[in-house]
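Engineer: Below is one structure. I have some questions about it.
What follows is calculated from the coordinates using simple rules that are stated; it is not laboratory data. From a predicted model like this one, the values you see are computed outputs, not experimental measurements. Glycine gets a Cβ as well: all are built from the backbone with ideal geometry, and neighbour counts include every protein chain shown.
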Amino acid sequence: MGIDFVLDELNALKDRALLREYRTIENAQGPFVQITGKTYLSFCSNNYLGLANHPKIKQAAIAAINQYGWGAGASRLVSGNMTLHQELERKIAEFKDAEAALLFPTGYMANVGALCALAAKGDIIIGDKLNHASIIDGCRQSGAAFRVYPHNNVSQLEKLLQRSSTFRRRLVVTESVFSMDGDTAPLPEIVEIAKSYDAIIMIDDAHAMGVFGRHGKGMIEHYGLERKIDVIMGSLSKAIGSIGGFITGSKHLIDFLKNKARSFIYTTALPPAVCAASLAGLALLQDDTSLIDKLWKNINYLKSQLSKFANNIAVESPVVPIIIGSAENALHLSTKLYQNGILIPAIRPPTVPAGTSRLRISLMADHSESDIDRLIALLKDFGFLVPKDSKSVKGDYA
Ligand SMILES: *Cc1c(COP(=O)(O)O)cnc(C)c1O
């Protein structure tokens, strides 16, 4: 009765291998993490460039605490807007080659806030089927009609645009680098089609910052689409190793969101030292692209090693999915890796569609080739990776 249903639901999740539990990391984030006093090689952090524990970033945060204290004390529009929030927004706009930027406490809130401000009942949002939960939640909360096209399928996107001419406004939204699949969207085509139907175009560039583009500015830089996209969302919690979400776009868009985005207005501003850390992270990227080069060296190394197997695993970014299928098998492989000192949690529904449970490998700049070799050797020993020359060896997961 009453609240007791929660236990029933937890038991039901456990029976289906869908119960989520976390482990506790006892040291700073990096390629090696400590759990219950033991060291594990981690392949599951978005801290792609290792900035979460960078000495210059730590120093910047400490200096900011000494100057500005810790908390911001209020929402931005009341009295929480401090020098460092302004400075970070200016820096983000410059980094992303945009007119202006607006900072949110998290990327999740940036997506929900922007989508709910830009679309409402009478409008339609059209998005990729594999869009991140924060985009889906924004679409749902906005009250707009919401349709999805099959993953990266531009002709189906166009069909949906053709069929939606009765709506007041149309908004197309996609990730640039997909968070659970590591593959990339055909942005130039998507932008062209959206424009030809006069739709608003919004890109979630969270996983591209610090990874794609010559200066790590993201997929917009990679494709040379600066100022061609109406709304760009990003996060400082991935390669920048900090916390905070943002939207970049025209000055008018940013002024509009300041007035309309509820997840911006009705929440406390980030602690100023968090902004100082993000500023230091952006400065590091601007001065020196060697960390990005190191990350890509690892991505290309993993790609070349995986190409020796018959599994056909595509490698397009630091996120590489090892698709297993059932939640039970994904959990089983993850547990076996853990027993051998490697941390890669199983990603299961509803984060990914049923039948596509996976281990999601994330690479970092400070992984070594021998770290990657160790992972590959174990996946091979466990029968998941099948050598190309072996005739019909089927492992547990083949
Ligand atoms: C992580 C992520 C977000 C949310 O960002 P946070 O800053 O962690 O809240 C949004 N979109 C995508 C694609 C992400 O991977």
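Engineer: Is it the case that S304 is in a helix (DSSP H, G or I) and not hydrophobic (A, V, I, L, M, F, W, C)?
Structural biologist: Working: in a helix (DSSP H, G or I): yes; not hydrophobic (A, V, I, L, M, F, W, C): yes.
So S304 passes the test.
Engineer: Condition first: over 30 Å from P55 (Cα atoms) and within 15 Å of the ligand (Cβ to nearest atom). Can you find one or more residues in segment 209-226 that meet it? Please lay out each step first, then the result.
Structural biologist: Initial filter on segment 209-226 (over 30 Å from P55 (Cα atoms)): 223-226.
Checking which are within 15 Å of the ligand (Cβ to nearest atom) leaves us with none.
Scanning segment 209-226, I find no residue that is over 30 Å from P55 (Cα atoms) and within 15 Å of the ligand (Cβ to nearest atom), so the answer is no.
Engineer: While we're on this one: Would you mention how many residues in segment 170-208 are more than 17 Å from the chain's Cα centre (by Cα) and within 11 Å of the ligand (Cβ to nearest atom)?
Structural biologist: 0
Engineer: Residue under question is L291, and the condition is that it be in a loop (DSSP other than H, G, I, E, B), at negative phi and touching a Gly at 6+ places or on another chain (Cβ under 8 Å); does it hold?
Structural biologist: Taking the combined requirement at face value, the residue does not satisfy it.
Engineer: Answer yes if at least one residue in segment 231-246 is surrounded by 22 or more Cβ atoms within 10 Å (Cβ to Cβ), more than 20 Å from the chain's Cα centre (by Cα) and of a type outside the set (K, R), and no otherwise.
Structural biologist: The answer is no, given that none of the residues of segment 231-246 is surrounded by 22 or more Cβ atoms within 10 Å (Cβ to Cβ), more than 20 Å from the chain's Cα centre (by Cα) and of a type outside the set (K, R).
Engineer: Filtering segment 1-37 down to residues that are among the acidic types (D, E) and in a loop (DSSP other than H, G, I, E, B), which residue is nearest to N329 (Cα to Cα)?
Structural biologist: Result: E21.
Engineer: Among the residues of segment 195-226, what is the count of those that are of a type in the set (K, R) and under 25 Å from R168 (Cβ atoms)?
Structural biologist: 1
Engineer: OK, next. Does segment 178-203 hold any residues that are out of contact with any Phe, Trp or Tyr (no Cβ under 7 Å at 6 or more places or on another chain) and either among the acidic types (D, E) or more than 28 Å from K121 (Cβ to Cβ) (or both), and which are they?
Structural biologist: F178, S179, M180, D181, G182, D183, T184, P186, E189, E192, D198
Engineer: Output the number of residues of segment 268-288 satisfying the condition of being of a type in the set (D, E) and either part of a helix (DSSP H, G or I) or buried (at least 17 other Cβ atoms within 10 Å of the Cβ) (or both).
Structural biologist: 1
Engineer: Restricting to segment 227-274, and then to whatever is more than 20 Å from N81 (Cα to Cα) and among the basic types (K, R), can you tell me which residue is nearest to the ligand (Cβ to nearest atom)?
Structural biologist: K238
Engineer: Any residue at all in segment 40-60 that's within 30 Å of L337 (Cβ to Cβ), more than 22 Å from the chain's Cα centre (by Cα) and assigned to a helix (DSSP H, G or I)?
Structural biologist: Checked segment 40-60: no residue is within 30 Å of L337 (Cβ to Cβ), more than 22 Å from the chain's Cα centre (by Cα) and assigned to a helix (DSSP H, G or I).
Engineer: Looking only at segment 99-128, how many residues end up being more than 16 Å from the ligand (Cβ to nearest atom), surrounded by fewer than 24 Cβ atoms within 10 Å (Cβ to Cβ) and either within 18 Å of L282 (Cβ to Cβ) or within 20 Å of the chain's Cα centre (by Cα) (or both)?
Structural biologist: 2
Engineer: List every residue pair whose Cβ atoms lie under 6 Å apart, where the two residues are 6 or more positions apart in sequence or sit on different chains, the first residue falls within segment 163-176 and is farther than 15 Å from A114 by Cα, and the second residue, located anywhere, is of a type in the set (G, A, S).
Structural biologist: Between residues of segment 163-176 that are farther than 15 Å from A114 by Cα and residues that are of a type in the set (G, A, S), the close pairs are R168/G122; S176/A185; S176/A208.
Engineer: Consider H332 against the criteria (1) in contact with a strand residue (DSSP E or B) (Cβ under 8 Å, 6 or more places away or on another chain); (2) farther than 26 Å from M209 by Cβ: it satisfies all of them except one. Which criterion is unmet?
Structural biologist: Single failed check for H332: (1).
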